[in-house]
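Heads up, the thing below is written out as structure tokens.
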Amino acid sequence: MGDGRGLFARAGRRIRGHLLGLRNRRFVIDASNRFSRENLNESLEQEIGALEARSHALRVLCVGASGPLSERIAGMQARVTTIDIAPERKPDVVADVTDLRGFADAAFDAVFLMEVLEHVIAPEQAMAEIRRVLVPGGRLVLSTPFLFEIHEAPHDYYRFTEHGLRHLLRGFGSCRIERRNGYLKSTLVPLVRLTRSRHLGDVLVGLMALGLCVAFAPILALLDRAIRSDAATTGYFATATR
């Protein structure tokens, strides 16, 4: 009897390990990112293309030195400088976006702040520094989540509405803010993001939600277009000109 219980216990641990291991499988991560970051990569590519069409001698500052978004920006046809507060991420310069004293006024033609603003403890100060280091007519490109789980705790401080972003960007000459997706999909994202949890039950719920979202993606898209409310979204993509 004891051997049987031990066998079942070992089998249970293996199954648990395999299921939790799905969190780190590339297809799960990619599917989750496609859903939670819908339209983000496409918007970023448009901005990069427009900037590269101006000149290949652009001076670009990328705030944040980890993840696929930063890697894409670092690969631009431009002189890209990456900064990050964490030296282990191997930025070109270890710096906080709220204190860019290491850079001269008008040092950059463009600044990218992708999925970073929610982690900045003093966003008003960060905007002032970004304006300072941008040339007149320079471009700020940023994205930030809205309906999204707490991540990188305890350094996850804010969620911004469209109106909050417009207030934050009020010192710029012009700005454009777009919702990344619609009402229905954004309300499902927290369930999909449970695939990142360390708890088995959460992961199972997240995997089921992700599977349903992938299987019924065309229907969800139709329903999202039918919902007129703009009161919810996964996040925002914004551009502003100094």
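The values are calculated or read from the model by the stated rules, or taken from the named source; none is laboratory data. On a predicted model such as this, the values are computed, not experimentally measured, just so you know. As a convention, Cβ positions derive from the backbone with ideal geometry for all residues, glycine included, and neighbour counts pool all protein chains shown.
Of all residues in the range 150-175, those that are at positive phi have Cβ atoms under 7 Å from Cβ atoms of residues that are surrounded by 11 or more Cβ atoms within 10 Å (Cβ to Cβ), 6 or more apart or on another chain, in Glu152/His119. Scanning the range 97-121 for residues that are under 25 Å from Ala153 (Cα atoms), touching a strand residue (DSSP E or B) at 6+ places or on another chain (Cβ under 8 Å) and not hydrophobic (A, V, I, L, M, F, W, C) yields Glu115, Glu118. One residue alone among Leu194, Leu169 is surrounded by 18 or more Cβ atoms within 10 Å (Cβ to Cβ), hydrophobic (A, V, I, L, M, F, W, C) and under 18 Å from Val141 (Cα atoms), and that residue is Leu169.
Just one residue in the set Val80, Val135, Val189 is touching a helix residue (DSSP H, G or I) at 6+ places or on another chain (Cβ under 8 Å), assigned to a strand (DSSP E or B) and of a type in the set (Val, Ile, Thr); that residue is Val80. Regarding Thr239, is this residue closer than 30 Å to Leu51 by Cα and of a type outside the set (A, V, I, L, M)? Criteria met by Thr239. Where helices (runs of 4 or more DSSP H) fall wholly inside the range 1-58, the ranges with 2 or more residues that are modelled with pLDDT of 70 or more and closer than 30 Å to Gly75 by Cα are 26-36, 40-54. Among the criteria (1) surrounded by 14 or more Cβ atoms within 10 Å (Cβ to Cβ); (2) at pLDDT below 95, the one Val80 does not fulfil is (2). Candidates in the range 119-141 are the residues that are in contact with an Asp or Glu (Cβ under 6 Å, 6 or more places away or on another chain) and buried (at least 21 other Cβ atoms within 10 Å of the Cβ); of these, the one that is farthest from Arg166 (Cα to Cα) is Gly138.
When each of Glu124, Glu71 is tested for being more than 19 Å from Ile48 (Cα to Cα) and of a type in the set (D, E, K, R), the lone residue that passes is Glu124.
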